[in-house]
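All remarks here apply to the structure that follows.
Here, each number is a calculation from the coordinates, and none is a lab measurement. Computed from a prediction, not measured in an experiment: that's the story for all the values here. Please note: Cβ atoms are built from the backbone with ideal geometry, for glycine as well, and neighbour counts cover all protein chains shown.
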Amino acid sequence: MEYEVRTEGEQATEDLGEALGRRLFPGAVILLNGEMGAGKTVFARGVGRGLGVNVPIQSPTFSLLNAHSGRLPFYHFDLYRLNSEEELFELGLDEALDGEGVSLVEWAGKFADYFTMPALVIWITSDGSTGRQILFWAKTEPYQAILRELTTGGQVSANPGN
Ligand SMILES: Nc1ncnc2c1ncn2[C@@H]1O[C@H](COP(=O)(O)OP(=O)(O)O)[C@@H](O)[C@H]1O
Ligand SMILES: [Mg+2]
């Protein structure tokens with residue numbers, strides 16, 4: 001199931017992240033893709049807000065992992081600077097994914113072979129200076145149910161076989 005929505009401006013992207021964050025459950029995995037500057041961290045900040053994380057979320061690009069505690073633990077990863085799967089394990093990604101918190105991973109597509117677990121996959125692409133196309137893709141429940149809830153005002157397509 002796919003859901004595509006366009007946001008105009010940073011705030012709209014953060015609000016969309018927040019709407020998602022409010023609906024996430026223990027163990028949820030969010031895989032975020034898109035070029036540098038697409039808005040992944042802006043979206044992640046919104047997810048954190050939806051989870052009740054009230055510390056402003058910095059980009060973890062330099063720390064690779066920021067852990068926060070809200071309604072659920074929130075593990076925010078950024079794999080941009082990571083070069084090998086070995087480093088993934090050193091980061092504690094396995095523990096986060098298996099835990100009761102929400103794991104959100106920027107640049108997950110760099111390690112597509114590793115991220116085969118059920119997840120909500122998101123691609124953000126730039127569409128002008130303040131426009132962004134945000135594509136959500138969910139293959140399994142309960143992620144599909146969450147997408148159905150988010151669809152107000154957007155376009156949904158159900159792709160047989162996906
Ligand atoms: N619609 C939008 N959604 C998100 N960010 C936007 C949007 N329009 C402009 N921006 C800007 O794009 C940048 C996105 O930065 P960031 O979230 O750090 O990107 P990434 O984490 O993908 O590298 C910010 O400077 C933000 O203000
Ligand atoms: Mg980022």
Response to the item:
Row for the stretch 95-147, column shape: gyration tensor on C-alpha, a ≥ b ≥ c, rounded if a/c < 1.5 i.e. under 1.5, prolate if a/b over b/c, else oblate; value prolate
Practice prompt. Show the residues, 5+ positions off or on another chain, whose built amide H is closer than 5 Å to the amide H of Gly52.
Written response: Arg71
Discussion item. Looking at the chain as a GNM with Cα springs under 10 Å, which of Arg71, Arg81, Arg22 has the largest mean-square fluctuation?
Written reply: Arg81
Worksheet entry | Residue-averaged [θ]222 nm for the chain, counting only DSSP H segments that reach four residues, each worth -39500 (n - 2.57) | -8000 deg cm²/dmol
Worksheet entry | Length-normalised contact order for the chain - Cα pairs under 8 Å, 6+ apart - percent | 35
Fill in: Kirkwood hydrodynamic radius of the chain, Cα pairs, Å
15.6
Discussion item. Nothing charged except the Cβ atoms of Lys and Arg (+1) and of Asp and Glu (-1): what's the magnitude of the dipole of the stretch 2-157 about its Cα centre? Round to the nearest 20 debye.
Written reply: 500
Practice prompt. Go ahead and set up a Gaussian network model of the chain, Cα springs under 10 Å, then flag whichever of Glu87, Glu18, Glu100 fluctuates most.
Written response: Glu87
Worksheet item: Given the Cα-Cα distance of Glu100 and Phe25 and 0.36 nm per residue of separation, how much length would full extension add, in nm?
Response: 26.2 nm
